[in-house]
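Okay, structure first, notes after.
The values are calculated or read from the model by the stated rules, or taken from the named source; none is laboratory data. Note that the structure is predicted; figures quoted are calculated from it, not measured. All Cβ positions, glycine included, derive from the backbone under ideal geometry; neighbour counts span all protein chains shown. Just so you know, the surface numbers come from the protein's heavy atoms only, side chains and all, with ligands and any DNA or RNA stripped out. Shrake-Rupley method; radii C 1.70, N 1.55, O 1.52, S 1.80 Å.
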Amino acid sequence: MPELSRFYGIVIQMHFGDHPPPHFHALYGSSKAVLDIETLAVIDGRLPPRARGLVVEWATIHQQELREAFRRAEALESPGRIAPLE
């Protein structure tokens, strides 16, 4: 699964050829969550509150890039990299 970004121990990934709705995967330690790109809501799994807040902050900044990355990954192209949260 391609890695889009990594920050504060959080890994953001996206599957090739994945299903709608547009989403991304966030991993933090043993916690995993899937977040909807449009609403930034957790649609599967869970993250600790602090990690979830950081993921939502990052995704808010990079929402358009996430949309484009999902379109590329859906077409079996590399989704590329997105800058980490600083």
Computed accessible area, residue 42, all protein chains, 1.4 angstrom probe, square angstrom: 50 Å²
Relative contact order, percent, the chain [alpha-carbon distance under 8 Å, six or more residues apart]: 30 percent
Spacing of the two label points (7 Å from each Cα toward its C-beta) at residue 64 and residue 41, in nm: 2.5 nm
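Please work out the ratio of the alpha-carbon Rg of the chain to 2.2 N^0.38 Å and round it to two decimals.
0.96
Given a 1.4 Å probe, how much area per residue of the chain is accessible, in Å²?
Normalised by residue count, the accessible surface of the chain is 55 Å².
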Residue-averaged [θ]222 nm for the chain, counting only DSSP H segments that reach four residues, each worth -39500 (n - 2.57): -9000 deg cm²/dmol
Cleavage-rule hits (trypsin sites (Lys or Arg not before Pro)) in region 20-86: DSSP loop, at most 16 neighbouring Cβ within 10 angstrom: 46, 81
FRET efficiency for residue 83 and residue 56, using Cβ-Cβ distance with R0 set to 22 Å, rounded to 0.05: 0.85
